[in-house]
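Below is one structure, written out as structure tokens; the observations come after it.
The values are calculated or read from the model by the stated rules, or taken from the named source; none is laboratory data. Given the structure is predicted, the values throughout are model-derived calculations rather than measurements. Here the Cβ positions follow ideal geometry from the backbone for every residue, glycine too, while neighbour counts run over all protein chains shown. These area figures cover heavy atoms from the full protein model, side chains too; ligands, DNA and RNA do not enter into them. Shrake-Rupley method; radii C 1.70, N 1.55, O 1.52, S 1.80 Å.
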There are 6 protein chains.
Amino acid sequence: MSTLGPILVINPNSSENVTEGLREAVAGMQFPGGPVIECITIKEGPPGVVTQRHVDEASLRTADLIESRPDASAYVLACYSQPGLDLARSITVKPVYGIQDAGVLSALALADLFGVIAVAEASIPRHLRNLRRLGVDGRLAGEVALEGSISVADSGHGEESYAALLKAGTKLRQMGAGAVVLGCAGMSGHRRRLEEELRIRVIDPTQAAVAMALGAVLV
Amino acid sequence: MSTLGPILVINPNSSENVTEGLREAVAGMQFPGGPVIECITIKEGPPGVVTQRHVDEASLRTADLIESRPDASAYVLACYSQPGLDLARSITVKPVYGIQDAGVLSALALADLFGVIAVAEASIPRHLRNLRRLGVDGRLAGEVALEGSISVADSGHGEESYAALLKAGTKLRQMGAGAVVLGCAGMSGHRRRLEEELRIRVIDPTQAAVAMALGAVLV
Amino acid sequence: MSTLGPILVINPNSSENVTEGLREAVAGMQFPGGPVIECITIKEGPPGVVTQRHVDEASLRTADLIESRPDASAYVLACYSQPGLDLARSITVKPVYGIQDAGVLSALALADLFGVIAVAEASIPRHLRNLRRLGVDGRLAGEVALEGSISVADSGHGEESYAALLKAGTKLRQMGAGAVVLGCAGMSGHRRRLEEELRIRVIDPTQAAVAMALGAVLV
Amino acid sequence: MSTLGPILVINPNSSENVTEGLREAVAGMQFPGGPVIECITIKEGPPGVVTQRHVDEASLRTADLIESRPDASAYVLACYSQPGLDLARSITVKPVYGIQDAGVLSALALADLFGVIAVAEASIPRHLRNLRRLGVDGRLAGEVALEGSISVADSGHGEESYAALLKAGTKLRQMGAGAVVLGCAGMSGHRRRLEEELRIRVIDPTQAAVAMALGAVLV
Amino acid sequence: MSTLGPILVINPNSSENVTEGLREAVAGMQFPGGPVIECITIKEGPPGVVTQRHVDEASLRTADLIESRPDASAYVLACYSQPGLDLARSITVKPVYGIQDAGVLSALALADLFGVIAVAEASIPRHLRNLRRLGVDGRLAGEVALEGSISVADSGHGEESYAALLKAGTKLRQMGAGAVVLGCAGMSGHRRRLEEELRIRVIDPTQAAVAMALGAVLV
Amino acid sequence: MSTLGPILVINPNSSENVTEGLREAVAGMQFPGGPVIECITIKEGPPGVVTQRHVDEASLRTADLIESRPDASAYVLACYSQPGLDLARSITVKPVYGIQDAGVLSALALADLFGVIAVAEASIPRHLRNLRRLGVDGRLAGEVALEGSISVADSGHGEESYAALLKAGTKLRQMGAGAVVLGCAGMSGHRRRLEEELRIRVIDPTQAAVAMALGAVLV
């Protein structure tokens, strides 16, 4: 049994479905003797983090949760908008990962140019703003939104969403992407299948962040 | 028992001591049921990868090794010069990580600006060249070489090398680094202690690369 | 009498002193027939916006204030940390200015390289992060903090703070700055005197933002 | 009556029509008690600044004018090519604004990405060169020229030119522009209407420069 | 008779045809009294440098050749992939030019934006990687591959390849390129004709590198 | 005898001494059968191009000269301020080189980072502005001015100026420069000696530009 505190994977929206999806996404990294990977819902959060107000409100709630869980050895902000990343880092010296940063940087560790699949067109400008903050916008082959109106919750299950992901991923590969980042917390269910069909690496950002956290706390 | 092929951590120099250090560095990520993390020496390699010729020769040997080990699920080039990274990616679709890229990108997932500790002054220009290729040179707070003449093999053990690392790390923190990357494959023995004393994150690049590889193959 | 709604200059901290300083800073831009320039204190705010939590909390309060004042024709976030800039822009189509952005961009309209005078060393990394987001970090000659411990409230009055500003400004000019931005909302009292002594342009960020707002709403 | 010298808005071409348009553009910023905003024609200039020779010749004439008017408190080079900007700054310590720089920087104070409407395709490369000099080319969503052949003088009046501006602006908004800069000195007549129809900020560069000049001299 | 050692133009593939083409390309720079420009084939090389393994193998052979020819006054790596550039510079203090770098930098000495004509689509990502290393990717108007399947050997002769070059060049000029770089060592035969028809500068990279070498050794 | 028109090397200042220095600098590139390299003084120019007004005036005179010499096959603007570069390119399709651009780009063809030796501190900001325009400021190791007050005319002759160049060059090498550009048209007399003593490449910008021009017109 590990004496390390858990890696806390924080879902800032109130949807238990999404948290359950996160649990499935990271289950493969839960080992006997390894740190517990605990996925937790912020019940007071909105059903989904959609608006900028959602993001800013989630920031404070996430900080409260982190302060209430000093037992954790690392924190993962499991929302592609990374609410409260700067704030979290200002209140703990433990590692804090935002999944967009972790996903994108993991893609750059595998390929020269990366692409991003967004759930919706509207989130692309927000993503680009973060890539500029991160300083890696010059390496973006492109960002493509799913066609049709597919919810975050549905984006990782079923043939309809898979077809949309495949279409977006194929386009990104043509645009020069050597790796593709799934641009929300809910698409992980399709990752492996998509990777095999596209023949380029596909990154689930929550998995990428948890893997980094393991590296930070384990050794 | 995992049915996944091993994560192959390749030491391109012929020093078994260095490979043994790599084994210790990644031992904490070896779990029952997880993929085997296999550290391997290229016996034909030079005692250390020091010159550019060493790098270019190591490139071809590394490719030969990768081709002889199609059973692996991922490859880690465990030398900060990353010999043969482009070549390796041209001959396999499996994930290939160079430890400099993985270390630096992992630092950026934790902090705004990063610093690098080099074993020797002479390797700094080569590192900078790679940061430019990677496109993240704008985020470098600074790179500082160890004072005194400390070998790669000695850089992870003993009080003398620890003192030199602490001095370099302290300087980097003053230069604004929020995370520090150990700029060679041999310093991992001091990582945890240095991290606790500096109170900022310290990244061992081999551990960072293996953690990323786990994320890529496990789930 | 202008039929335009007021330009609302929002002080997110609870210090009426600071707001009074803002009023003095912008008094020269208040004309008969021109829009009212109204400086307002968020009473629920902290005495000063110092920590990242202050920033994130101020973000939501600022948004609430903006929503309660649809009569305004433009909004100025009069805190160098620009709390809630993205949020404010997501809830109104009217012009919203953050004073850091406005100050820095106004400096770039006057000179090739700019410098920033910070009240305290600790705020410099946060400022740099914003310059990267803004994409103009390459034009920064340098940022220098005031020596001694001078509060935001004191930074614009008295010989002691003037001497500290002059020292910082002189250093920035030597570093190549062709214009200097006062890096907090409280230094405006010294602007004109400093400009005359340094012989390079000195920008008060609140004045710069209000000037831009005038340009946006007047014509 | 202000004791401040006038803000001198310099039209480097000989067209009094264009100067008259500048007067209308900035009339709203002329207040009782405020500095006089004086728009002036360089009679020896070409009818329009079209070629690079026009630009270089205008540079010297503009400098002569500035030297003959030491009474001014600030200078605005009211031509999108900004003839003589470096020269003007070398001969006076007073603020000198070029309208391209001022317009673009004002757009960045309001939005993440900006677009530019050019009168003619041919001027786009020259504009891009200046954006690189200014260091903000990475924030350009796009630059689109007016369709049809519309002169500078006509670009701010009439339904035909408005329709062309609306078409260009709509395209820029689709390309991600959060603010649009009118890329010549003559389009200001359509600014407000275009802003209301596009629902994003539209910047007239002369107005932006004069607003900045007010901020520099007033307080 | 010059006492200077020869400028050694190294063809890392085994094709004597290609070397003969290099000889023709640089014949115009061979003067009585000037340094000998000697084009040499690495006989052990592959028929063409196509894969990354070819590049890495060529790197070592090129270094061996350079070491065997200390009489040379400068070295030109006459392959657009520049095999062994870093290695060569680590073993000699004499000037070493890679033709991609030399070609692209020569284009930037003539125009604001440059374009590249690639023999094949597949080589574009490798070229882009090098432009990033070189730090000038922001000045690339575009890179366009020849249509049809034209070999390196054929790319400089005959109407079919000329037509393909003209089509690519025309496209690049429309994309804003003010100069065009021929993106392989074999197209020089068409350079002058293409330049006259496109009315923008066309750069043969081998000629550009030899010209630079002349400048480095002659005076 | 070459049927090519001369390469016209234009000295925009009126000093015949400087022009004579240019002739010496490029004499080594004058071959039987090669194009005439003709160095010409603009007699109406100022004794030296020192102020921005000198630059802007020189721009027009240079253009006049170019128009009066359509027989030339290429033009070199032999002043580090490159007066009239954009203008010259707008009036001729023949190659036009500015020596700063040519020198700096030639340095980048030889080394990862470059340094510049300036005659005087005051010219450094102007040089930096041009490096940003050229887009290669990120590759500058540093720029160092000669100590003492050495004129352009004296900078290429005598032990005093050589000592100052050696000191500046040594400093630049320590700052990481792999090649050094002589930052004015008059230092060429010391180039070879400095190169041998520093053991890194030293670039005379006029020689670099003429070499590029040879490559453009010869073949």
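Taking amide hydrogens as placed 1.01 Å from N in the peptide plane, the amide H of A:ALA145 sits under 5 Å from those of A:ALA118, each at least 5 positions away in sequence or on another chain.
When E:ARG23 is represented by a point 7 angstrom out along its Cα-to-C-beta vector, the spacings to that point in the other copies are 3.9, 5.8, 7.6, 7.6, 8.9 nm, nearest first.
Inter-copy label distances at A:ARG192, shortest first and taken from points set 7 Å along Cα to Cβ: 3.2, 6.4, 6.4, 7.0, 7.2 nm. Taking GluC sites (Glu not before Pro) across the range D:28-110, the ones in a DSSP loop with at most 14 further Cβ atoms lying within 10 angstrom of their Cβ are D:GLU44. Counting Cβ atoms of other protein chains within 10 Å of each Cβ in A:192-203 and taking the mean gives 1. Rg and Dmax of the range B:102-219, both derived from C-alpha coordinates alone, stand at 13.4, 44 Å. 3J(HN,Hα) along the range F:42-51, derived from phi through the Karplus expression 6.51 cos²θ - 1.76 cosθ + 1.60 where θ = phi - 60°, amounts to 8, 5, 7, x, x, x, x, 8, 10, 8 Hz, with x in place of Gly and Pro. Amide H contacts of C:VAL76: C:LEU8, C:VAL9, C:ILE10, C:TYR97, each under 5 Å away and 5 or more positions distant or on a separate chain (H built 1.01 Å from N in the peptide plane; Pro and chain starts excluded).
Using helices alone, I'd like the mean residue ellipticity at 222 nm for the protein assembly as shown: each DSSP H run of four-plus residues gives -39500 (n - 2.57), total over residue count, nearest 500.
-13000 deg cm²/dmol
Of the trypsin sites (Lys or Arg not before Pro) found in the range C:4-68, those in coil by DSSP whose Cβ has at most 13 other Cβ atoms within 10 Å are C:LYS43.
Partner shielding of E:128-134 amounts to 4, given as the average count of beta-carbon atoms from other chains within 10 Å of each residue beta-carbon. Here the Gaussian network model covers chain B, with springs between Cα atoms less than 10 Å apart; of B:VAL136, B:VAL76, B:VAL116, B:VAL136 fluctuates the most.
About its Cα centre, the dipole of chain C is roughly 540 debye, where the only charges are +1 on Lys and Arg Cβ and -1 on Asp and Glu Cβ. Is the shape of the protein assembly as shown best called rounded, prolate or oblate, per the rule: a/c under 1.5 gives rounded, else a/b larger than b/c gives prolate, else oblate, with a ≥ b ≥ c the square roots of the Cα gyration tensor eigenvalues? Since a/c reaches 1.5 but b/c is at least a/b, the shape of the protein assembly as shown is classed as oblate. Taking a Cβ cut-off of under 14 Å around A:LEU146, the surrounding Lys, Arg, Asp and Glu residues balance to a net charge of -4, with basic ones at +1 and acidic ones at -1. Shortest first, D:LEU166 label-point distances to identical copies amount to 4.4, 4.4, 5.9, 7.2, 7.4 nm, with the label point at 7 Å from Cα along Cα→Cβ. Per-residue 3J(HN,Hα) values for the range B:171-184, derived from phi via the Karplus relation 6.51 cos²θ - 1.76 cosθ + 1.60 with θ = phi - 60°, read 4, 5, 5, 5, 7, x, 5, x, 8, 10, 9, 6, x, 7 Hz in sequence order (x marks Gly and Pro). Put a dot 7 Å past the Cα of E:ALA153, heading toward its Cβ, do the same for E:SER14, and the two dots end up 1.3 nm apart.
Rounded to the nearest 10 square angstrom, B:CYS39 shows an accessible area of 10 square angstrom against a 1.4 Å probe. Sorted from longest to shortest, the spans of the Cα atoms of the range E:1-113 along the three principal axes equal 39, 39, 30 Å. Built from the Cα atoms of chain B, the convex hull projects on average onto 11.2 nm², one quarter of its surface area.
To the nearest ten degrees, helix A:99-108 and the longest principal axis of the Cα atoms of chain A are 50 degrees apart.
Of B:LEU194, B:ALA179, B:LEU108, which is farthest along the charge dipole of the range B:101-204 in the positive direction, counting Lys and Arg as +1 and Asp and Glu as -1 at C-beta? Selected residue: B:LEU108. For the segment F:100-106, counting C-beta atoms of other chains within 10 Å of every residue's C-beta and taking the mean gives 5. For the range D:61-78, backbone phi angles converted through the Karplus equation (6.51, -1.76, 1.60; θ = phi - 60°) give residue-by-residue couplings of 5, 5, 5, 4, 4, 4, 5, 7, 10, x, 6, 5, 9, 7, 10, 10, 8, 8 Hz, Gly and Pro being listed as x.
Per the rotation superposing chains D and B, the chain D residue found at the smallest beta carbon distance from the axis is D:GLY138, 6, distance in Å. Put the Cα centre of the range A:173-219 next to the Cα centre of the range F:54-124 and the gap is 49 Å. Let me make sure I get this right: for the range E:83-154, a, b and c are the square roots of the gyration tensor eigenvalues over alpha carbons, sorted descending. Under 1.5 in a/c it's rounded, otherwise prolate if a/b > b/c, else oblate. Which is it? Judged from the Cα gyration tensor, the range E:83-154 comes out oblate (a/c at least 1.5, b/c at or above a/b).
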